[in-house]
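Reviewing the structure listed below.
The values are calculated or read from the model by the stated rules, or taken from the named source; none is laboratory data. Since we're looking at a predicted model, the values are computed, not measured. A quick note on method: Cβ atoms are made from the backbone with ideal geometry, for glycine too, and the neighbour counts reach across all protein chains shown.
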């Protein structure tokens, strides 16, 4: 999916930046194209120090003219340009963003919270190996993050990501269209139409991780409720009680609830369906409910039946086909024959999607899966040792062949040499 996305820093200066609007703070959006061209030229010549000097000039000008988007863009560039030439750049980058955050105003504050969360997360991933032997302490103020343990980082990162989407109403009213100069638009902007959508999506990237490093309490939260697979409207109203304040899965469910509730009344269902399908996929991957596969398929089927041939629903159809293909792989002609015709069901669904006139992500995915299903496969195995003048066994595995012909050729010295 080619979405408008947000990233903190990217190697080699490929930056994916997001923007925002603040009518009270800035009346005219400036892009500083001339100045950024100078920066790009220095970067191309591999002169990061010279590029940094120019970026600092842009930063100062943007601060003076209240161009918050350019301030954040400059800040990200400065972090990246100093990555190889500044000692402790990870820690200093966090300090730089925290300093900017302290004097920011909304919606810049929300964006900086998300950026800061990403920096903490990257720092944690880079140095997690040092934390495995640290003992968790309580009632101790840890101002130096070099002394933090796993729980400290996850607590901080969670707090920042939640803070980045706290101003829901403001962010939901902040459109992205006027700021294409500093957003990679992508080809499906309608799936992330507001700043809230972008920031929520970034938060979910973190909350959906597998939590393998967190110590789990005896009352650890588990997704065992069938309501987690309910319709978007029912799911958004359901309460998921827990005592487990550390659970990232629980936080992910809460973010999905707010995101879906926001889009329930949309005239165009694209953003709703995209978020809802992603929610269903996430729940299946984490659910411990014994009937999770059936609940998962039923949830996709509800979407497909309700929205029919709408391009936005094609992804639901695709995942239904993928489910059948997944089950087809468990078919055994001399064992479990439950899913004997599952691959045929998958093909029927995929061909239906490909018959749609409009293009969509689901249609592209369906084309690739159908090509994989139709691909001819043939494998021939014989035992390594066979007795002369005696019958020997061979195993022929095939797919998408109606006939296979064999010819036995006597081996001679000429064939051996070849």
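Residue-wise test of (1) modelled with pLDDT of 95 or more; (2) surrounded by 15 or more Cβ atoms within 10 Å (Cβ to Cβ); (3) not assigned by TED's automatic domain parsing to the domain that holds residue 119.
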{"site": "13", "(1), (2), (3)": "no, yes, no"}
{"site": "19", "(1), (2), (3)": "no, yes, no"}
{"site": "24", "(1), (2), (3)": "no, no, no"}
{"site": "38", "(1), (2), (3)": "yes, yes, no"}
{"site": "53", "(1), (2), (3)": "yes, no, no"}
{"site": "59", "(1), (2), (3)": "yes, yes, no"}
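For residue 266, the stated conditions do not hold, so it cannot be described as at pLDDT 90 or above and out of contact with any helix residue (DSSP H, G or I) (no Cβ under 7 Å at 6 or more places or on another chain). Just a yes or no: is a residue in the range 328-342 over 22 Å from residue 300 (Cα atoms) and touching a helix residue (DSSP H, G or I) at 6+ places or on another chain (Cβ under 9 Å)? Yes, the conditions are met somewhere in the range 328-342. Filtering the range 375-405 to residues that are in contact with a strand residue (DSSP E or B) (Cβ under 9 Å, 6 or more places away or on another chain), closer than 30 Å to residue 347 by Cα and outside any strand (DSSP E or B) leaves 375, 376, 400, 401, 404.
Yes or no: residue 86 assigned by TED's automatic domain parsing to the domain that holds residue 173 and touching a residue at least 60 places away in the same chain (Cβ under 8 Å)? No, not satisfied. In summary, residue 158 fulfils each of the numbered conditions (1) in a helix (DSSP H, G or I); (2) surrounded by fewer than 15 Cβ atoms within 10 Å (Cβ to Cβ); (3) modelled with pLDDT of 85 or more with the single exception of condition (2).
Taking the conditions (1) touching a helix residue (DSSP H, G or I) at 6+ places or on another chain (Cβ under 6 Å); (2) at pLDDT below 90 in turn, residue 251 satisfies each one other than (2). Of all residues in the range 369-383, those that are farther than 26 Å from residue 407 by Cα and surrounded by fewer than 11 Cβ atoms within 10 Å (Cβ to Cβ) total 2.
Taking the criterion of being over 26 Å from the mean Cα position of the chain (by Cα), exposed (fewer than 15 other Cβ atoms within 10 Å of the Cβ) and in a helix (DSSP H, G or I), the residues of the range 92-115 that qualify are 92, 95, 99, 102. Out of all the residues in the range 209-235, which are part of a loop (DSSP other than H, G, I, E, B), touching a residue at least 60 places away in the same chain (Cβ under 8 Å) and within 21 Å of residue 291 (Cα to Cα)? Answer for the range 209-235, where residues must be part of a loop (DSSP other than H, G, I, E, B), touching a residue at least 60 places away in the same chain (Cβ under 8 Å) and within 21 Å of residue 291 (Cα to Cα): 222, 223, 224, 225, 230, 231.
Considering only the range 192-203, state which residues are surrounded by 21 or more Cβ atoms within 10 Å (Cβ to Cβ) and touching a helix residue (DSSP H, G or I) at 6+ places or on another chain (Cβ under 6 Å). Selection gives 192, 195, 196, 199, 200, 202, 203. Residue 344 meets the stated requirement of being modelled with pLDDT of 90 or more, more than 29 Å from the chain's Cα centre (by Cα) and either surrounded by 11 or more Cβ atoms within 10 Å (Cβ to Cβ) or closer than 20 Å to residue 308 by Cβ (or both).
Only one of the listed residues (85, 66) is part of a loop (DSSP other than H, G, I, E, B) and in contact with a helix residue (DSSP H, G or I) (Cβ under 8 Å, 6 or more places away or on another chain). That residue is 85.
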